[in-house]
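Asks: Mind having a look at this structure? Questions to follow.
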Amino acid sequence: MVTAHRGTRVRRGIVVAVLGLGLVGAAAIIVPMLRPPGPRPAFQLPVPCGETWTLGTYPGHDDHDVDLFPAKGEPWGRPVLASASGTVTEAGINGTLGGRTPDDPDGPRGRGGGYWVKIDHGGKWKTLYLHMLEPPLVREGQHVRRGDQIGRIGSTGDSGAPHLHYEQHRGFEKVETYFDGVPSGITSDDREYSVSRRSNNCDAGAGETGPQK
């Protein structure tokens, strides 16, 4: 009888210990999610230093989404750069690729983002880079500095022409993009809108002055 009671107490102790570990594990996941986002990183345009690009949107594009096209020259194959330092969390294919290439620009469209990259910048800030020409030049888990090349401009996925689709996320929400501390002005897709900006994404990883408000 004593042995039976002792066995029951041991089993109860094990159950309590397991439940305790479960709660600790859950807290380790949930608590960081409940923390407020950190300050906005010092984002720069995801294209080479000194180049001027057109940032645009159109009805049906989705709020805060930005399409980037070079003001001069052919977009195909142009470098895509990390707009701030961080860790790559996605690098591969989103949806399907389709068949639009420099040799066949009117080929069949794919679905989704095609070749894409997502970067976690810490403080719940993330950036997305879609429709790239070929497999990304970075891999999941890799640390990148601002200005590092992560891919090349293309038209994979659901894309009508070669361009870079770009997003900034704060926590679980997509937000207005800021570059060099200045808002893009693209906040909704209720009308066609575009603005030209010059890239100050210079000297990979150098000169990052920290978070912006």
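The values are calculated or read from the model by the stated rules, or taken from the named source; none is laboratory data. As the structure is a prediction and not an experimental result, all values here were calculated from the model. So basically every Cβ, Gly included, is an ideal-geometry build from the backbone, and we count neighbours across all protein chains shown.
Asks: Return the pair list, or none, for Cβ contacts closer than 6 Å from residues in segment 25-50 that are over 23 Å from GLY77 (Cβ atoms) to residues that are among the β-branched types (Val, Ile, Thr) and at pLDDT below 70, at least 6 apart or on different chains.
Replies: What qualifies is ALA42/THR209.
Asks: Further, regarding this structure: Please work out which one of (1) in contact with a Lys or Arg (Cβ under 7 Å, 6 or more places away or on another chain); (2) surrounded by fewer than 20 Cβ atoms within 10 Å (Cβ to Cβ); (3) more than 20 Å from GLU74 (Cα to Cα) is the condition GLU134 fails and give its number.
Replies: (3)
Asks: Which residues, taken from segment 136-150, are of a type in the set (Lys, Arg) and farther than 14 Å from ALA84 by Cα?
Replies: Passing the criteria: only ARG139.
Asks: Further question: Every residue in segment 93-117 that is surrounded by 20 or more Cβ atoms within 10 Å (Cβ to Cβ) and closer than 18 Å to GLN149 by Cα, please.
Replies: The answer is GLY114, TYR115, TRP116, VAL117.
Asks: Sort through ARG146, ARG109, ARG139 and tell me the only one that's part of a loop (DSSP other than H, G, I, E, B) and under 21 Å from SER199 (Cα atoms).
Replies: Testing whether each residue is part of a loop (DSSP other than H, G, I, E, B) and under 21 Å from SER199 (Cα atoms) leaves just ARG146.
Asks: Consider only pairs whose beta carbons are under 6 Å apart and that are at least six residues apart or on different chains; among these, list those whose first residue lies in segment 56-67 and is assigned by TED's automatic domain parsing to the domain that holds GLY185 and whose second residue is buried (at least 20 other Cβ atoms within 10 Å of the Cβ) and of a type in the set (A, V, I, L, M, F, W, C).
Replies: THR57/ILE186; VAL66/LEU55; VAL66/ILE186
Asks: Just to verify a result, which residue in segment 47-92, among those that are outside any strand (DSSP E or B), under 12 Å from the mean Cα position of the chain (by Cα) and not polar (S, T, N, Q), is surrounded by the fewest Cβ atoms within 10 Å (Cβ to Cβ)?
Replies: Per the stated criteria, the residue is ASP65.
Asks: Give the residue that is nearest to ASP120 (Cα to Cα), with candidates limited to residues of segment 168-191 that are out of contact with any Ser or Thr (no Cβ under 7 Å at 6 or more places or on another chain) and among the charged types (D, E, K, R).
Replies: Ranking the qualifying residues of segment 168-191, first place goes to ARG170.
Asks: Would a scan of segment 27-42 turn up a residue that is part of a strand (DSSP E or B), buried (at least 20 other Cβ atoms within 10 Å of the Cβ) and either modelled with pLDDT of 95 or more or under 21 Å from the mean Cα position of the chain (by Cα) (or both)?
Replies: Within segment 27-42, none of the residues are part of a strand (DSSP E or B), buried (at least 20 other Cβ atoms within 10 Å of the Cβ) and either modelled with pLDDT of 95 or more or under 21 Å from the mean Cα position of the chain (by Cα) (or both).
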